[in-house]
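This report refers to the structure that appears directly beneath it.
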Amino acid sequence: MAPQAPIVCVGLPPWEGGDYLKSTVQLMQCLARTQRVLYVDYPYTYLDLWRARRSTKPDVPVAALADAGQRLQQLQRTQSGALYLLRLPPFVPANFLSASWAYDSVLAFNARRARLAIRQALTTLGWETPIVINAFNPALGNALAGKLGEQQLVYYCYDEISAAPWISRHGSRHERAFLAQVDLTIVSSTGLAQTKAPLTKRCAVVKNGVDLSLFRAGAARPADLPEGPLIGYLGSVDDRLDYELLERIARSFPQAKLVILGRLVQRQKAMLLDQHANVYVLGSRPPEQLGAYVAHFDLGLIPFVKNELTAGIYPLKINEYLALGKPVVSTDFADLSDFTDYCYIATDHEAFLEQVAATLAGTSPGCPATCRAFAQRNSWESRAVDFARLLGLEVPLYSSQTSVV
C-alpha cells in the first residue's frame, strides 16, 4: 500500500495514566497499525507541573516535559504504520480566566508554543500535509487551524461541551466557531449528531467500541471482590450518575453486593454510598484489570441521570458488559436504540429496580452468546476502519456501519 497522508491528532485526553479507557487513544492505537499517527498529548500546564512535583503519586510526566529531547517518542511501529507521542512544552494556565479576551490572549500564546513543537516534530519525522484531528479541544483547534500545513481539518467530539462545567465557559463559544470551519466533524453518538450537524459542513457518527482483548471470559476472580450476587457498575463516579437510584438499589437488595469500580470524581457522594454494608466502592483500576472484575458481575448497571450532559453519551461500558455476556440494566438517558435487543432500558426507578430483581432471580430472559456476538461487531478495530474511511484513507480491515448526517 502506498504511503497515505499522516495523521496528527491534537488530543485532550492524556495518552498515559488515568486508569480509564479513552476513545481517542483506542482509535489512534488502532489506526496506527496501518497509518502514520502523531498523537499530541494533553497540554499540561505549569500549575500541573507544580502540583506534580509536590505529590507522592504524580500523574504528570514531569521528566519528559522538562527535557525537550524526550518530548517526541515512538510508541509502536508496524510494516505500514507508526505511532508517535508528542508532549508539548508546558502551557500557561487559562481555564480560571472568566474574561474572554484574557483567556484568548493566553490561548494565543500557548498555541504558538504548540504550533512550533508540532511543526518541529513533523520536520523530524519527514511528514508533510497531514490530516489534523482535534479531539475535544476546540479552543486550541481554532488557534492552530491552518497553521500545521494540514490538507484536512477534523473535529472529533465525544461529549456535550456546553454541559461539561470544567470546559463549558470558553469551550462552547470556541466549539461553535471551530465547527463552522472544520472539513469534517465526527461524533460518538446520535445525540451529539443532532446538536452538531446543523453547525458544521459534514457530520458523521462513529460510535464507541470495546477493547475485546481486555474483556474476555476466564479471568481469575480479583481478591477484593466480595462473595455473593454482584450488581456492578463500571465507570466514573461523577455528575452523570443517579445517586438516588444507587441508594435505592443498595437498600432494595441487601442480599446482593453493589460494586462500584471507577474514578471517584464525586468522592463525597461515593463515600456516602460506601456507608451501606452491601456497597463496595473500589475506586479505579488499570484498564488491563477491568475485565476480570466485570467477568464476575451478575449484571452490569448504567444508572445515569437524564439531562443535557448525558443525552449525547454513547456509553463505553455497555459493550464492555456485553462482551462478557452480562445482563445490562440502564436508564433511558440517551438514544440507546442500538441496544434494545441486548439490554433492559428502564424509564423510571421502579422499572429499573424490577429488572434488577428479575435478573438476580434468574427470571429475566437473556442470551449471553448473542450479547457477546453483538459486542464483537463493535470492536475498536471496526470503529477505527470507519473513522479512517471518513478521512479518505484506505484500510485493510472489516468495517462496521457508519452513519453520515
- request: Select from the stretch 191-215 the residues that are surrounded by fewer than 20 Cβ atoms within 10 Å (Cβ to Cβ) and among the polar types (S, T, N, Q) and write down the one among them that is farthest from V132 (Cα to Cα).
  value: S213
message: Regarding the stretch 385-395, can at least one residue be identified that is in a loop (DSSP other than H, G, I, E, B) and not assigned by TED's automatic domain parsing to the domain that holds L184?
response: no
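To keep it simple, each residue is scored yes or no on (1) farther than 21 Å from G392 by Cβ; (2) touching a residue at least 12 places away in the same chain (Cβ under 8 Å); (3) of a type in the set (A, V, I, L, M, F, W, C).
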| site | (1), (2), (3) |
| --- | --- |
| P14 | yes, yes, no |
| T24 | no, yes, no |
| L38 | no, yes, yes |
| K57 | yes, no, no |
message: For a quick check of your reading of the model, give me the residue pairs whose first member lies in the stretch 116-145 and is without any contact (Cβ under 8 Å) to a residue 40 or more places away in the chain, whose second is polar (S, T, N, Q) and in a helix (DSSP H, G or I), with beta-carbon atoms closer than 9 Å and at least 6 apart or on different chains.
response: N142/Q181; A143/N110; A145/Q181
- prompt: Do you know which residues across the stretch 230-257 are part of a loop (DSSP other than H, G, I, E, B) and farther than 25 Å from Y20 by Cα?
  reply: F253, P254, Q255, A256
field: Subset of the stretch 131-160 [touching a helix residue (DSSP H, G or I) at 6+ places or on another chain (Cβ under 8 Å) and among the polar types (S, T, N, Q)]
entry: N134, N142
- request: Please verify whether the stretch 93-113 includes one or more residues that are on the phi > 0 side of the Ramachandran plot and either outside the structural domain of F387 (by TED's automatic domain parsing) or touching a helix residue (DSSP H, G or I) at 6+ places or on another chain (Cβ under 9 Å) (or both).
  value: no
query: Assuming C157 fulfils every condition listed in (1) touching a residue at least 40 places away in the same chain (Cβ under 8 Å); (2) in contact with a strand residue (DSSP E or B) (Cβ under 7 Å, 6 or more places away or on another chain); (3) within 26 Å of D338 (Cβ to Cβ) apart from one, which condition is it?
result: (1)
task: State which residue is farthest from R240 (Cα to Cα) when the search covers only the stretch 317-329 and only residues that are outside any loop (DSSP other than H, G, I, E, B), touching a helix residue (DSSP H, G or I) at 6+ places or on another chain (Cβ under 7 Å) and not β-branched (V, I, T).
output: A323
- prompt: For residues in the stretch 330-351 being in a helix (DSSP H, G or I) and farther than 17 Å from I313 by Cβ, which is nearest to the chain's Cα centre (by Cα)?
  reply: H349
- prompt: Can you name every residue in the stretch 181-222 that is without any contact (Cβ under 8 Å) to a residue 12 or more places away in the chain and closer than 22 Å to C371 by Cα?
  reply: S213
All positions within the stretch 110-139 that are under 21 Å from the mean Cα position of the chain (by Cα) and farther than 22 Å from L390 by Cβ: A139
task: Just give me the residues in the stretch 75-102 being buried (at least 17 other Cβ atoms within 10 Å of the Cβ), small (G, A, S) and farther than 30 Å from E394 by Cβ, in sequence order.
output: A94
statement: Filtering the stretch 271-321 for residues that are farther than 20 Å from T331 by Cβ, touching a residue at least 24 places away in the same chain (Cβ under 8 Å) and small (G, A, S) leaves a count of 4
Extreme residue, farthest from Y42 (Cα to Cα), among residues of the stretch 118-130 that are crowded, with 16+ Cβ neighbours inside 10 Å and either of a type in the set (K, R) or in contact with a helix residue (DSSP H, G or I) (Cβ under 9 Å, 6 or more places away or on another chain) (or both): W127
message: Condition (residue is without any contact (Cβ under 8 Å) to a residue 40 or more places away in the chain and more than 30 Å from A384 (Cα to Cα)) applied to the stretch 40-47: is it met by at least one residue?
response: no
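The values are calculated or read from the model by the stated rules, or taken from the named source; none is laboratory data. None of the values given here were measured: they were computed from a predicted structure. Counting neighbours? That spans all protein chains shown, and the Cβs are built from the backbone with ideal geometry, glycine included.
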